[in-house]
Amino acid sequence: MNQVNIVIVEDEIIIAKNIARKLKNLNYNVCKIFASGQPLIDYITIQKPDIILMDIAIRGEMDGIETASKIKDIADIPVIFLTAYATPEVVERASETSCYGYIVKPFKDEELYATLKIALKKHQENSIVKKSLQDTIKEYSSQIENLYINNQTNLPNRLFLRDSFDYLVASINGEQLVAVLNISIDRFKKISDFLSKEQQDSLITEVAQRLQNYVESCGGQGITIYMKEDHFIIMITLDTKIQANNYAKEISNLLGQAIYLENQEIFLSTSIGIAFYPSDSFNIEELLQQSEKARDYARSQGANRHQSFSFAFNVKISRSSEGLHLEAELHHALEREQLELYYQPKIDLKTNSIVGAEALVRWNHPTMGRFEPYKFIPLAEESGLIRPIGEWILNRACQQNKAWQNAGLNDLTISVNISGIQFKQSDLFHQVTQVLFNSSLEPQYLELELTENILVENIKINIQKLNILKKAGVKITLDNFGTGYSSLGYLQQFPFDILKIDSCFTHNIDSNKINATITKNVIDMAHDLGLTVVAQGIETEAELNNLKKCNCDEIQGFLFYPPLNAKEFKNLLLSNKSIYSHK
Ligand code: C2E
Ligand code: MG
């Protein structure tokens, strides 16, 4: 060891000088002598002596023991007490400062020498142990950090999920919720086929960045987690479930804005499933599964949507008690007359008149309340109940339309949504003709709405099926255009009559130039193919005006009317017989 630097704290200057002389003889360097504690503390913030010899009874507000314990907080310098007092209380207090020695005055030179030697050795050993401990902690923390952070996106990964969830749950009050948003990019595998590995990575990094910025800007407490490939989770605290829907919408819009990769411009759409703590589950693993089911359902409905979890989704994977109960209740829904059709008017933009309606089913349960279609159509499909329910919907819609016609109201077309499973039924044609026969409705007043994802498997067979249905005289609508592959060139092989543009294209077209251009082109192309174009989900005047400019044929949306029950719809037709006047 180089020469050892010692500081002495002793208020009796003669004693201090005497000790200093002895130390010099022992070849130590006494760099400073202080008579009180505070100047020593000031000194060690700048200089670090190797050891301090401290008298306990010194001048000033602090005694030697208090000074030593302050030093301990500031720097790792060993202290040896030199004192005339050795009562048990003083020794007890001194020992709490982790001092390196306690010499009672008067002492012999050898005692001082031995204590100094042992203290310095001990401190050196401690320093080595501390240093290696610090190195280990440092190494571990960086390993732990690497373990929890995904390198590519710089986002926390799956391992962070449970802790973050627990943290968010602990941070909310009794009325708040934690929403788990399960996000994945639609057709990611297909898009990736056109990209290099670097471009795929840049794409995911950009998505991660947008999501993280969004969550940070949201105000609530939230965290974005990267799961794998194109799969992200956002967990966020909220006051109401509606807030989660707004977040999901904003996320879709955000990720729907162009991403530039070298010379490529890419537009993404996303499917988002949402589950809530505590109403859906208390358990994060279960919330993950639930939000995933909801997301898959959103995708099966044509993608580019968000969907909250419903226990109806549980039936497929685990015949949970809630799912089974709901299924049993759904079995009785028809005979107990709990299903009801609502009708959303469709307006012709040239004549401003109501020219048709979309039939939208509701389930009014006497104790569980009203179920929207997304809560029970999947269950009906899964359990096979879609067959009698689908047939009932077709019958009801056609009979209702015929009843309005018989009452002298406008000749409207009624649109009925056909689910994937219904379309796969081999006797759909038979069902349709039977229903038309029973209701005496002329076939041109019935439209069948199908989404693209139903049709793109087994294209040839599906084209044949559609042609056969068209032979019955009904019209075929491509529903929710914009949410799937959205290539009209590809879809022109199908014998559609009507193209229904989804609100993801038309939403904010007044401010979103890209959407406006796409909508205009889609409408022009659809017209070239001889299709009637309906825009659905129209909520604002600005959207309406833009669609008028684009020569869209018909409009459906809350701006005009929400879905109405049969009575409300009839009253509307009666009050407004032929002309619809907006505002
Ligand atoms: P869809 O065929 O795309 O139906 C349009 C949905 O958009 C309806 O939701 C309607 O209430 C809603 N909507 C209408 N205007 C607006 C608007 O301006 N803004 C917004 N945000 N939404 C608007 P609904 O009734 O909940 O139906 C959801 C889906 O459930 C339907 O989507 C359809 O796929 C399915 N569905 C509804 N009724 C039936 C049915 O009778 N049979 C089958 N198989 N599926 C049905
Ligand atoms: Mg529809």
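The values are calculated or read from the model by the stated rules, or taken from the named source; none is laboratory data. Please read all numbers here as calculations on a predicted model, not as lab measurements. Cβ coordinates were reconstructed from backbone atoms using ideal geometry, including for glycine residues, and neighbour counts include every protein chain displayed.
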### Message
Looking at Ser415 and the list (1) modelled with pLDDT of 95 or more; (2) over 21 Å from Ile354 (Cα atoms); (3) touching an Asp or Glu at 6+ places or on another chain (Cβ under 8 Å), which single condition is not satisfied?
### Response
(2)
### Message
Please list, ordered by residue number, the strands (runs of 3 or more DSSP E) wholly in segment 418-512 having 1 or more residues that are in contact with a Gly (Cβ under 6 Å, 6 or more places away or on another chain) and of a type in the set (Ser, Thr, Tyr).
### Response
446-451
### Query
If you take the residues of segment 542-579 that are part of a loop (DSSP other than H, G, I, E, B) and hydroxyl-bearing (Ser, Thr, Tyr), which of them is modelled with the lowest pLDDT?
Ser578
### Summary
Checked pairs for segment 491-511, first on the phi > 0 side of the Ramachandran plot, second outside any loop (DSSP other than H, G, I, E, B) and away from ligand 1 (no atom under 15 Å from the Cβ), C-beta under 8 Å and 6 or more apart or across chains, list as Asn508/Asn515
### Query
Quick one: which of Arg387, Arg362 is more than 16 Å from ligand 2 (Cβ to nearest atom) and of a type in the set (D, E, K, R)?
Arg387
### Query
Mind checking which pairs have a first residue in segment 366-389 that is touching a residue at least 12 places away in the same chain (Cβ under 8 Å) and more than 9 Å from ligand 1 (Cβ to nearest atom) and a second that is of a type in the set (A, V, I, L, M) and not in a helix (DSSP H, G or I), Cβ under 9 Å, 6 or more apart or different chains?
Phe376/Val361; Phe376/Leu385; Leu379/Leu385; Leu385/Leu334; Pro388/Leu334
### Task
For segment 17-62, name all the residues that are within 26 Å of Asn126 (Cα to Cα), part of a loop (DSSP other than H, G, I, E, B) and under 60 Å from the mean Cα position of the chain (by Cα).
Thr45, Ile46, Gln47, Lys48, Pro49, Asp50
### Query
Across segment 502-531, which residue is farthest from the chain's Cα centre (by Cα) among those that are of a type in the set (Ser, Thr, Tyr) and surrounded by 16 or more Cβ atoms within 10 Å (Cβ to Cβ)?
Thr519
### Query
Can you name the condition, by its number, that Gly174 falls short on among (1) closer than 23 Å to Glu452 by Cβ; (2) surrounded by fewer than 17 Cβ atoms within 10 Å (Cβ to Cβ)?
(1)
### Query
Which one of the conditions (1) surrounded by fewer than 23 Cβ atoms within 10 Å (Cβ to Cβ); (2) modelled with pLDDT under 90; (3) within 16 Å of ligand 2 (Cβ to nearest atom) does Glu382 fail to meet, given that it meets all the rest?
(3)
### Query
Quick check: anything in segment 447-459 surrounded by fewer than 16 Cβ atoms within 10 Å (Cβ to Cβ), in the same structural domain as Pro345 (by TED's automatic domain parsing), away from ligand 2 (no atom under 16 Å from the Cβ) and at pLDDT 90 or above?
no
### Message
I'd like the residue in segment 248-281 that is over 14 Å from the mean Cα position of the chain (by Cα) and free of Cβ contacts under 8 Å to residues at least 60 places away in the same chain and, out of all such residues, is surrounded by the most Cβ atoms within 10 Å (Cβ to Cβ).
### Response
Asp280
### Task
Just one of (1) of a type outside the set (A, V, I, L, M, F, W, C); (2) surrounded by 20 or more Cβ atoms within 10 Å (Cβ to Cβ); (3) assigned to a loop (DSSP other than H, G, I, E, B) trips up Tyr85, so point out which.
(2)
### Query
Being away from ligand 1 (no atom under 13 Å from the Cβ) and modelled with pLDDT of 85 or more, is that true of even one residue in segment 480-490?
no
### Query
What about Lys475, is it touching a strand residue (DSSP E or B) at 6+ places or on another chain (Cβ under 7 Å), surrounded by fewer than 23 Cβ atoms within 10 Å (Cβ to Cβ) and modelled with pLDDT of 90 or more?
yes
### Residues (touching a residue at least 40 places away in the same chain (Cβ under 8 Å), away from ligand 1 (no atom under 16 Å from the Cβ) and surrounded by fewer than 17 Cβ atoms within 10 Å (Cβ to Cβ)) located in segment 395-424
Gln405, Ala407, Asn410
### Query
Can you name the number of the only condition in (1) acidic (Asp, Glu); (2) away from ligand 1 (no atom under 14 Å from the Cβ); (3) at pLDDT 90 or above that Asp427 fails?
(3)
